[in-house]
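Q: Structure in structure tokens, see below.
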Amino acid sequence: MYRSASRSLCKHMTDTEITHTDVLTLMRTYDPPPEGFDPHTAPPGLLRRHGLPRRPDPDTEPELARLFKRAFVRPARYVKAELAIDEVMSRRDPLAGQDPDFGPSGWGGVAVVTSALGYSPPEPASTVFAEWVVPEIIPWDPAPTAPITVGFWVGLDGFTNGQVLQAGIAATLTPDFWLPGPASVNWWAWTEWYTTQYQDPAVQVTNFPVATGNTVSFLVCAPQPDHGFVSMQNLATNQVTSVGIDARPGITSAGASAEWIVEGISADLPDFLPVTFSDCSAGTQHHAFNLADGVVTNIQGSAGPLTQASIASPTAAVVAWEGWS
């Protein structure tokens, strides 16, 4: 069972452009830290060397310090990321509301616009975090006639402007054209810094396996305006992987919004069990915030919303497939 979204898969790029690999030169990967490494006590230089964000001061930045502690609460197995162009995620326009045929938005979830937070002077969002259980996707029989994909991610920007720094997981249901029965489901992790100016493809983290029922957490940061950082952890395997992303010339993170999102990637939206983004946190350089001032958005289809998103608490957002209403 699937719900149609009437959306094009292409984001105005040719197949040749989608597969270009120069974006990988902007990516940094990091060697695993030495045995006994503890991110809560390691010197700042060692954190940078192994691809971890700076540790906030608990006295002057208590909320950001809590976020750091939450992101690295468990002992982890650090793995150097292996990257490749993500052919699937690159075949879509990742910005909210950019495809009029798809309705107001291809996003279902919660966004917080930083200009609405009342900071004076205004401050850009530089950090966003969430944890969630990889939901089951129901491979109904009969199978779809073509592969369909859905993504689950956190990010900065993209809700009101022409760029987005994001990371998360995605799943594709692929029908077996030779055998009857339900489609197979394949999960993977990915990241990207997309801008309308460069339209860089998404990048898959090929050695970060995820599966239904795993609990994953993602931390997306812009520690400097021209540098992005992603840390992802699979709590089922204790694996942690980090990726740094340098901005293209003339590009800087605006930090105009922070998001916790389910994204419809294909012309149909597969049936997924409700997903809860928990411990949702975000921050600027000087302040921390959560979903309290969030805007709920839903994936739109030709016959109405395809998702039901809600703010369950200031730190939890729930997104359900419309069929579960």
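Q: Which numbered condition trips up Leu95, out of (1) at pLDDT below 80; (2) touching a strand residue (DSSP E or B) at 6+ places or on another chain (Cβ under 7 Å)?
A: Of the numbered conditions (1) at pLDDT below 80; (2) touching a strand residue (DSSP E or B) at 6+ places or on another chain (Cβ under 7 Å), the odd one out for Leu95 is (1).
Q: Ala292 passes all but one of (1) modelled with pLDDT of 95 or more; (2) surrounded by fewer than 24 Cβ atoms within 10 Å (Cβ to Cβ); (3) closer than 29 Å to Glu87 by Cβ; which number fails?
A: (3)
Residue by residue, here is whether (1) at positive phi; (2) in a loop (DSSP other than H, G, I, E, B); (3) over 12 Å from the mean Cα position of the chain (by Cα) holds:
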{"residue": "Asn186", "(1), (2), (3)": "no, no, yes"}
{"residue": "Trp190", "(1), (2), (3)": "no, no, no"}
{"residue": "Trp193", "(1), (2), (3)": "no, no, no"}
{"residue": "Asp200", "(1), (2), (3)": "no, yes, yes"}
{"residue": "Pro209", "(1), (2), (3)": "no, yes, yes"}
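Q: On to the next question. So, Val164, is that one under 24 Å from Ser310 (Cα atoms) and either of a type outside the set (D, E, K, R) or part of a loop (DSSP other than H, G, I, E, B) (or both) or not?
A: Details: under 24 Å from Ser310 (Cα atoms): yes; either of a type outside the set (D, E, K, R) or part of a loop (DSSP other than H, G, I, E, B) (or both): yes.
The answer is yes for Val164.
Q: So which residues in region 130-156 are surrounded by 22 or more Cβ atoms within 10 Å (Cβ to Cβ) and either at pLDDT below 95 or more than 25 Å from Phe289 (Cα to Cα) (or both), if there are any at all?
A: Ile148, Thr149, Val150 - these are the residues of region 130-156 that are surrounded by 22 or more Cβ atoms within 10 Å (Cβ to Cβ) and either at pLDDT below 95 or more than 25 Å from Phe289 (Cα to Cα) (or both).
Q: Give the residues of region 259-288 that are touching a helix residue (DSSP H, G or I) at 6+ places or on another chain (Cβ under 9 Å), in a strand (DSSP E or B) and either over 14 Å from Phe152 (Cα atoms) or of a type in the set (Ser, Thr, Tyr) (or both), sorted by residue number.
A: Asp279, Ser281, Ala282, Gly283, Ala288
Q: I've got another one for you. Restricting to region 1-52, name every residue that is among the polar types (S, T, N, Q), exposed (fewer than 10 other Cβ atoms within 10 Å of the Cβ) and modelled with pLDDT of 85 or more. Spell out the reasoning first.
A: Start the filter on region 1-52 by keeping residues that are among the polar types (S, T, N, Q), which leaves 4, 6, 8, 14, 16, 19, 21, 25, 29, 41.
Those left that are additionally exposed (fewer than 10 other Cβ atoms within 10 Å of the Cβ): 14, 16, 25, 41.
Listed by number, the residues that qualify are Thr25, Thr41.
Q: If the requirement is being without any contact (Cβ under 8 Å) to a residue 60 or more places away in the chain and charged (D, E, K, R), which of these qualifies: Asp226, Asp246? Write out each step before concluding.
A: Details: Asp246 fails: without any contact (Cβ under 8 Å) to a residue 60 or more places away in the chain.
Result: Asp226 is the single residue among Asp226, Asp246 that is without any contact (Cβ under 8 Å) to a residue 60 or more places away in the chain and charged (D, E, K, R).
Q: If you go through region 230-246 one residue at a time, do you hit one that is of a type in the set (D, E, K, R), at pLDDT below 95 and surrounded by fewer than 23 Cβ atoms within 10 Å (Cβ to Cβ)?
A: no
The values are calculated or read from the model by the stated rules, or taken from the named source; none is laboratory data. Note that this is a predicted model, so its numbers are computed, not measured. Please note: Cβ atoms are built from the backbone with ideal geometry, for glycine as well, and neighbour counts cover all protein chains shown.
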